[in-house]
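One structure is given below, encoded as C-alpha cells.
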Amino acid sequence: MNPSEIAENASAPPILIRGVSEPRLEVHKFRTGAVVGASFLALVLQAFVPAHVWKGNIVGDLIELPLLVTLYFGLSRRNPSRGLLLGMVIGMAQDGLTGANLIGLFGIAKTIVGYLASTIGARLDVEHPVSRMVLAFAFFHLHNLVYVFTRRWLLAQAAPLMTVRILVASLVAALLAWPLFALLDKLRKDEN
Amino acid sequence: MFEIATRRRPYVLLAVTLVFQILLLAVQFKRPDGARLIRVWAVELLTPAERAGSWALDSVSGAWSGYIGLFRANRENQRLRAQLGELSLQNSGLESRAAEAQRLAALLDFRSAHPDAPLLAARVIGGDAGAGRAIYLDRGERDGVQQNMGVITPQGVVGKVLEVYSTTSQVLLLTDKNGGAGALLANSRTQGAAKGSGGPLLDLEYVSNDQDVAVGELVLTSGMDRIFPKDLPLGVVADARPGNTFKQIQLRPAARLDRLEEVLILLSRRQWEWEQPSAAAAEANPATHAPSRDAGAPSATRNEPATAHSAAPVVPVKKDKP
C-alpha cells in the first residue's frame, strides 16, 4: 500500500502514522463549508473583481486565486481523488464565470493540479512557507503548461508557453501563496 | 478485485474527469469550417470502426454467400450431372432413332421407287454367333417368307433366305462360303458368278482373262440365279488379277453386311422386272435398248444394253442348300 493510499484510507484519524522510518504527515480537516466557501469566494473574486474593480488593470490578469485555492486544499487534504475533483469543479466554474474560455480548459489544468498537489502533499511537508511559495510558483507554470498544451493540441489555437506576463504572474502567485495559505490555515479544524 | 479498484480509484477518477472535460471541450469547440470538434472526432473514430465493421460484415456475408453458393452449385452440379446422364441416354436413343429413321426412309424410298416389286421390310434380330455369315429376321412363314427368297437393302444385295420359321427366318449372307449370286460387270456387261469366300469379300468367278476389269468397277446382279432381279448393286471390284483360265476377281459387297439392321425381302421368286431409275428414260427411247436374247435370262432386260457381252454364257449361280 503506497503512502497516498494510506492517506486516502486513513482519513478518519487526524494523524497518519506512515511507518516508523517515515515522517509523520498530517491530513488536515477543515471546518464545514470552508472548502466550498473559500473556493466560491476565490471564484467570485477572480471573476468579478478584475472585471468590475480593476477594470483594465493588469493586476487583475496577474492574480490566479482559484489556482491557489485548488493547490492549497490539494496539499492540505492530501487526497488525490478529492483534490482532482475540487480542481475540476473550480476550473470549470472559472471557465464558466470568466466567459473567456470554453468550459474545460481551466478545468483540465486544475484537475491535474489538484491531483498532483494531493499526491505531492501526501509525500512532502508542505507546511513551510517557502515550500508553499515554491510549490505555488511551480504549479502555476504546470497549470499554464497544461492550459497551453490543451489549447494547442486539442483546439489548435495559438497560445504562448512563456511570456513576461506569465512569469510575473507566477511570481505573484508565489508571493500571494504565503499570506493566502496562512489565511486558509485558519479554516482548519482544531486537531487538539 | 475491489481492492484493486479502490487502489486504482484516483487514477481512474483522473482519467474519467479528464476525458469528460476533453469531450466537453470538443462539444463546445467549433473548427474554422464550422464543424464541431466532437463531430469530427466521432466521424474519425467511427469511420474506421464502420469500415472495419463493414469489411467484417462483407467478409462474413461474402463467405456465407460463397458457402451457400458453393453448396447450391454443388447441388446444381449433381442435378445437372444427373440430367446430363439422362439427356445423354435420351440423345443416344434419339440418335439411334434418327439413324433408324434414315434407314427406314431409305428403305421406304427404295420401296416407293419399286412399287411393283413385292418387297417385305424386315428387321435384323440376330446373327450367327459362329462365323457370323447368317442373320435372323423378324419375318417368317406367317409373313409369306419362303426359302431362297432374296434379301436386299437399298445399297445392294444381302443374301437369301436359308431357313423359314413361323415368325422368323434365317438369311445366308452373300459372304458365306455357300452364298452367292449371278453377277454382271456394269461396264462390260460381262456375266459371272459371285461366291462367298467366308471372309468379308466375294469372289467373282468365270470371267475370262481377256476381259478388262478395273478395280472399283461396279458389279450388278445378272438375274441368272432367279433369286435376285437384274441390275441390283452387288459390289465393287476390289482386286482383279489374271488366273489360269479365268480372272481372279474379288468384290467388296455393296451392302454393309456387318451393319445390317433393316432389310427388304423379295417376296416373289418369279421373274419380275426390276425398274431402275433410268427405266423411264429407257422407255422414252426404246430403240436404244434391245430385248433379251437369252431365254434363261431374267425378264428384266429392258434396260440391258445391246452389247456383245449380253450374249455371254450364263454362269449358273450355285444353288444353296439349307
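Ordered by the number of other Cβ atoms lying within 10 Å of each residue's own Cβ, fewest first, B:GLU95, B:GLU262 fall into the sequence B:GLU95, B:GLU262.
Per residue of A:144-156, other chain Cβ atoms within 10 Å of the residue Cβ number 2 on average.
Sorted ascending by nearby beta carbons within 10 Å, beginning with the fewest, B:ASP210, A:ASP95 become B:ASP210, A:ASP95. Seen from B:ALA122, the other residues with C-beta closer than 11 Å to its C-beta sum to a net charge of -2, counting Lys and Arg as +1 and Asp and Glu as -1. Whole Å is fine, so just give me how far the alpha carbon centre of segment B:232-265 lies from that of segment A:83-119. Segment B:232-265 and segment A:83-119 have Cα centres separated by 122 Å.
Which whole-angstrom value gives the distance between the alpha carbon centres of segment B:101-115 and segment B:174-221? Centre-to-centre distance over Cα atoms comes out at 26 Å. Need one word for segment A:35-185: rounded, prolate or oblate. Basis is the Cα gyration tensor (sqrt eigenvalues a ≥ b ≥ c); a/c below 1.5 gives rounded, then a/b vs b/c decides. Rounded is the answer for segment A:35-185, as its axis ratio a/c remains below 1.5.
From least to most packed, judged by other beta carbons within 10 angstrom and beginning with the fewest, A:MET162, B:MET149 follow the order A:MET162, B:MET149.
Once the Cα-Cα distance is subtracted from the 0.36 nm per residue extended length, the B:ARG75 to B:SER92 segment shows a gain of 3.6 nm.
For peptide B:21-33, the mean count of partner chain Cβ atoms within 10 Å of a residue's Cβ comes to 5. With a 10 Å cut-off around each Cβ of A:108-117, the average count of Cβ atoms from other chains is 3. Given R0 = 30 Å, the distance between the Cβ atoms of A:ALA100 and A:ALA138 translates into a calculated FRET efficiency of 0.80. In percent, rounded to a whole number, the relative contact order of segment B:67-145 is 14, using alpha-carbon pairs under 8 Å and six or more apart. Among B:241-251, B:49-59, the peptide with the highest mean count of other Cβ atoms within 10 Å heads the list, and the full ranking is B:241-251, B:49-59.
Read-outs: derived from the displayed coordinates by stated rules, not from any lab. Here the structure is a predicted model, which is why all the values come from computation and not from measurement. Virtual Cβ from ideal backbone geometry, glycine too; neighbours counted across all protein chains shown.
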